[in-house]
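Undergrad: Starting off with a structure, shown below.
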């Protein structure tokens, strides 16, 4: 048995034992790297039974009758949906992940005009595994007030996707459970999958797949195909090789900088693919152990020649997911995305497994303590202090002035409602300096897909850019972010435009 086959066999056996409520081996490496406290988080390894999948799809089929479906969530609860929406061009699906009231009102009007519908034709699917996510509840409350202002019963226009044992959290936040429609994130009602591991076997993949395929038998067939490939030894060997690029056994040093190369066929969803992958690696592996400070850069095949100097200079591990096409021959982009997502989840687990075995220091890949830290900080904020006020064209000169020795990456994070400002930031960031790679993201979503790694990083300058027109709830998130970065003495700039 190869190392790859031994790993896959062992993690699956462990995950299935715990998933089926059998005895937990607390001496197992998988317990040490795959539990969040006493919470099992390896359920994504366990393929759902087809009967349970069929029953869940029967309950979800009513969404096919809705003219427009609006998904609400943050981070891992929405990133898979964003990818499928764009890659498959699902015309009647939309995603909201910014708790800015004016932005929400504007986007609702655009949706109504585009589809020639009225508000009552727009159905809401709110997603929060814990049922507690601050931003998701803020967006849901804004939508509730908008719908009720037009005399609509929000309970007839909304579905919540949660871990069912958490439904009391909805009630404690003012929702009437007796009127609510609920569905579990996991088709069998289990609760052992963490947010960023919810693709491709949970509601977050299955719901947009249902809206696109409109045929539950096609989804069941696709899940069967995915399960069969997961058990294939060639597939397992390839995925093991990907993880070994980051944690090689024959070298003393690891390769924490990772360039993940995606097939060109997925480039129509460039941004959501980038964000989903970034969250998986940054939140799973970053900010956990001292001295292993990963940075993930997601590129597409056409960009390789441009990125090659950085890959060489930073000694980046290059994971080319396109080889899975040659191996598994997916028949569609939805299959391609499913197998790439599952592969990268396994790669993340393999990196944590190999690092823990190699160094003797446990790298737990399912926790996110720094994200929890920022959330706690945000709850204590009563007033928001403004940052250094600056013009958009002054940002890059200021960033250049603050590039200290050792900085290899600059992350610009925009907290605001204006898409044109965000696009401008992406453009002005290009070519910042020949020895620096820049990444541009949107807040507050960034807090759910990259912040975990930020407080322990030493090679990144974070530029927090807050739009004065942003909603107060968004400004609070930015303030909490800056407070944590300051507490940890991480290089950052706090700017208001």
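Undergrad: So residue 130 ticks every box in (1) under 30 Å from residue 190 (Cα atoms); (2) surrounded by fewer than 20 Cβ atoms within 10 Å (Cβ to Cβ); (3) in contact (Cβ under 8 Å) with a residue 40 or more places away in the chain; (4) touching a strand residue (DSSP E or B) at 6+ places or on another chain (Cβ under 9 Å) but one. Which box is left unticked?
TA: The number of the failed condition is (3).
Undergrad: Also: Looking only at region 160-179, count every residue that is surrounded by 17 or more Cβ atoms within 10 Å (Cβ to Cβ), free of Cβ contacts under 8 Å to residues at least 40 places away in the same chain and outside any helix (DSSP H, G or I) and tell me the total.
TA: Residues that pass the stated criteria total 4.
Undergrad: Still on this structure, please answer the following. I'd like the full set of residues that are under 14 Å from residue 180 (Cβ atoms) and in contact with a helix residue (DSSP H, G or I) (Cβ under 7 Å, 6 or more places away or on another chain), limited to region 128-141. Can you show your working first?
TA: Initial filter on region 128-141 (under 14 Å from residue 180 (Cβ atoms)): 128, 131, 137, 140.
Of everything in region 128-141, those that are under 14 Å from residue 180 (Cβ atoms) and in contact with a helix residue (DSSP H, G or I) (Cβ under 7 Å, 6 or more places away or on another chain) turn out to be 128, 131.
Undergrad: Residues in region 23-37: is at least one on the phi > 0 side of the Ramachandran plot, in a loop (DSSP other than H, G, I, E, B), loosely packed, with under 14 Cβ neighbours inside 10 Å and within 27 Å of the chain's Cα centre (by Cα)?
TA: The answer is yes; a qualifying residue exists.
Undergrad: Among all residue pairs at least 6 apart or on different chains, which show Cβ distances below 6 Å where the first residue, located in region 103-124, is not assigned by TED's automatic domain parsing to the domain that holds residue 415 and the second is exposed (fewer than 15 other Cβ atoms within 10 Å of the Cβ)?
TA: Pairs that qualify, where the first residue is not assigned by TED's automatic domain parsing to the domain that holds residue 415 and the partner is exposed (fewer than 15 other Cβ atoms within 10 Å of the Cβ), are 117/67; 119/150; 121/67.
Undergrad: Restricting attention to region 38-54, which residues are without any contact (Cβ under 8 Å) to a residue 24 or more places away in the chain and not in a helix (DSSP H, G or I)?
TA: Listed by number, the list holds a single entry, 38.
Undergrad: Only one of (1) crowded, with 19+ Cβ neighbours inside 10 Å; (2) touching a strand residue (DSSP E or B) at 6+ places or on another chain (Cβ under 8 Å); (3) over 26 Å from residue 80 (Cβ atoms) is not met by residue 490, so which one is it?
TA: (1)
Undergrad: Another one. Looking for whichever is touching a helix residue (DSSP H, G or I) at 6+ places or on another chain (Cβ under 8 Å) and either free of Cβ contacts under 8 Å to residues at least 24 places away in the same chain or in a loop (DSSP other than H, G, I, E, B) (or both) here; the options are 395, 381, 351. Which one fits?
TA: 381
Undergrad: While we're on this one: Within region 246-257, is even one residue in contact with a helix residue (DSSP H, G or I) (Cβ under 6 Å, 6 or more places away or on another chain) and at pLDDT 95 or above?
TA: No: zero hits.
Undergrad: Taking region 398-410, which residues are within 21 Å of residue 444 (Cβ to Cβ) and crowded, with 22+ Cβ neighbours inside 10 Å?
TA: 410, the sole residue that qualifies.
Here's the yes/no breakdown for (1) in contact with a strand residue (DSSP E or B) (Cβ under 9 Å, 6 or more places away or on another chain); (2) within 25 Å of residue 242 (Cα to Cα); (3) at pLDDT below 95:
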site	(1), (2), (3)
2	no, yes, yes
38	no, no, yes
44	no, yes, no
55	no, no, no
72	yes, no, no
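The values are calculated or read from the model by the stated rules, or taken from the named source; none is laboratory data. Predicted model only: the values in this text are computed from it and were never measured. We place every Cβ from the backbone using ideal geometry, glycine too, and count neighbours over all the protein chains shown.
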